[in-house]
1. Kirkwood hydrodynamic radius, region A:52-170, all distinct C-alpha pairs: what's the number in Å?
2. Nearest 5 is fine: what % of DSSP beta bridges in chain A come out antiparallel, could you say?
3. For each pair in A:Lys40/A:Lys125; A:Lys138/B:Lys114; A:Lys90/B:Lys24, compute the distance between the two Cα atoms and list the pairs where it is over 27 Å.
4. Please list B:283-290, A:268-275 highest first by mean number of surrounding beta-carbon atoms within 10 Å per residue.
5. Roughly what % antiparallel, to the nearest 5, for the DSSP beta bridges in region A:99-216?
6. Among A:Tyr102, A:Tyr129, which comes first, then next, by fewest other beta-carbon atoms within 10 Å?
7. For helix A:165-180, report the angle its Cα long axis makes with the longest principal axis of the Cα atoms of chain A; keep it between 0 and 90° and round to the nearest 10°.
8. Direction-averaged shadow area of the convex hull around the Cα atoms of region B:125-218, nm²?
Amino acid sequence: MLVVEELTKRYGKLTAVDNLSFIVEEGSIFGFVGPNGAGKTTTMRILATLLAPNSGRAWIAGEEVTDNPRRVRQLMGYMPDFFGVYDDLKVGEYLDFYGASYGIPAAQRRRIADDLLELVDLAHKREAYVDSLSRGMKQRLCLARSLVHDPLLLLLDEPASGLDPRARFEMRELLKELQHMGKTIIISSHILPELAEMCTHVGIIEAGQLVANGTIDEITHLVQSGMALEIKVLERGQEARDILENHFGLTGIDGSENHFQVPFGGDEEDLSRILTALVGSGIPVVSFAESTNNLEDIFMQVTRGVVQ
Amino acid sequence: MIKRGLVLNPVLGKEFRSRMRTWKSPLVVSVYLGILALIAVGYYWTRQTSMVYSGFGPDVGPQMYVALAIFQLLLVSFVTPAFTAGVISGERERQTLDLLTCTRLSSASIVLNKLLASISYIVLLIVASLPVFGVVYFFGGVLLQEIGQAFVVYLMTALTFGAIGVFCSSIFRRTQVSVVVTYIIVFFFLVGTVALGVFLANMNMRAGDYSIPTITYLNPVVALCSTFPGQFQGGLPSLFGMFGIGGRYGRMSGSMADMEAGLAPWQYNFIGDGIIVVVLLIITIIIITPVGRFGGIKRLFRRKKTTETETDTVDIS
């Protein structure tokens, strides 16, 4: 559905997007994650035909975004990280206006607006002024707007930013519903866990470059191959450290005397042998566990190197 | 095909809807007509109470018409920037320009319909003023053709100042800045063109050239004066005469007698304004087009600029 090939965008001396390449399969929800200023919005804007790249190309359903912007706009729905609403229009009029802007005949627009308002649970607000909607409602209305021309691909730039937990939940449910409807969705966020539940694939971007890309499981596995072992003992911490270093060749132990972490790349048998050695030496082990990386840890781990 | 042609452009439709649903629109029309009516009534009252001109003379109609016509032009000049200088920057401030650009509407369609929507409102003001101008017909002395020509000047002035407003709103991010710059440019058209014309005429006169500088024809007041009834038409040469340029009117080319062979000032103004409008609109369309054909032109300029900068850097180092 989407192919991005060596995309580069520079603003003066700053390279916002640096040789970025990735592919998004049809029907998937692709989480585009990265810290603030990583180049997510710039990439989104290039894909939305709002910004021309310095070099590189991108295709949406086979149409190149710079060469055929008008055709791409018909295939893609864009929801920026701001509301972008006309306060002096009513909710129904707002959708009708964008429907007309996409060339949808007047006879169909009313039905489409009704369906979309039903989908985003705003049917009861049809005659309300956009100005009177809550933040979450405006966000849902913007999502409805991006769907007005029934696009194949949705580009959602930080759709959950600034929303309260309930509104976030509602937005998440909506996106799942859209996936069931067969839409391909690219959703950006600087919070990885926020995307974990709904994304099928994740791309982590930092300093304009993709530092990790794959399914959630693949990325977790990638990071966990360099996971840590967290050990807490009641006493004789130094003795435990010596065993780990001398008997198992583990280095890079970090932490306090009796509570420390050590980088570990072995399997479960190795874990068992280490624990047996520690207990066999009479060291009072309080806890012994692989440090379970949550998505936030993964994000920090993946992006740390580039930042430093 | 015919049915499709009748469909209102969405930008135009939205602008009409947004503009006409608030109380501001009828208020502006009322105030506008109120001011014009005051001019008409004020002139007549002054004339009736004047020690010199009391009574009903044949010049009442033309004089009232000239007063109304000039005030209408100043009102149009004053109102147009207010309606147009925020059309693109306002979309940017509301963060809706990107969303609009993302649709199937072309940049040309967005710019032209935004301008058309604003100008339509000015046309409404001008049309609404017709009954006030109708009062002149109680007194006579003004031809329908002359009023028609004056209204062409109004429309062209509104279009030109409108295009300047739209252009400024596309290059300045903030509406306030755009409005201020537009009013400065409008002021230049109203006053600066004549001042510059007088200066250039003075320079030319020393070289024995008594023609009126071309820039003067961009002045809408000059254009309007050339549409006035016969006794008021010497506007341009007499204006220059005021500054001691050209000596007697007869020495200045550009008097109405000279114009008989060629075009009248309002026609020159029409052509000049037309060129300005077309050029400004094309530039505005290029400015707001992110990618595609016009975006390509923009990138070409940027690339050239970047290359020049890079060359400079190499030279310096």
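1. Taking the inverse mean of 1/r over all distinct Cα pairs, region A:52-170 comes out at 15.1 Å.
2. Restricted to chain A, the bridges split so that about 65 percent are antiparallel.
3. Cα-Cα > 27 Å for A:Lys40/A:Lys125; rest within.
4. Per-residue Cβ counts within 10 Å, averaged per peptide and sorted highest first, yield B:283-290, A:268-275.
5. 55 percent
6. Arranged by neighbour count, lowest to highest, A:Tyr102, A:Tyr129 become A:Tyr129, A:Tyr102.
7. Helix A:165-180 sits at roughly 70 degrees to that axis.
8. 8.8 nm²
Every read-out reported here was derived from the displayed coordinates using simple, explicitly stated rules and does not represent laboratory data. Fair warning: this is a prediction, and the values are worked out from it, not measured in the lab. Neighbour counts run over all protein chains shown; Cβ positions are idealised from the backbone, glycine included.
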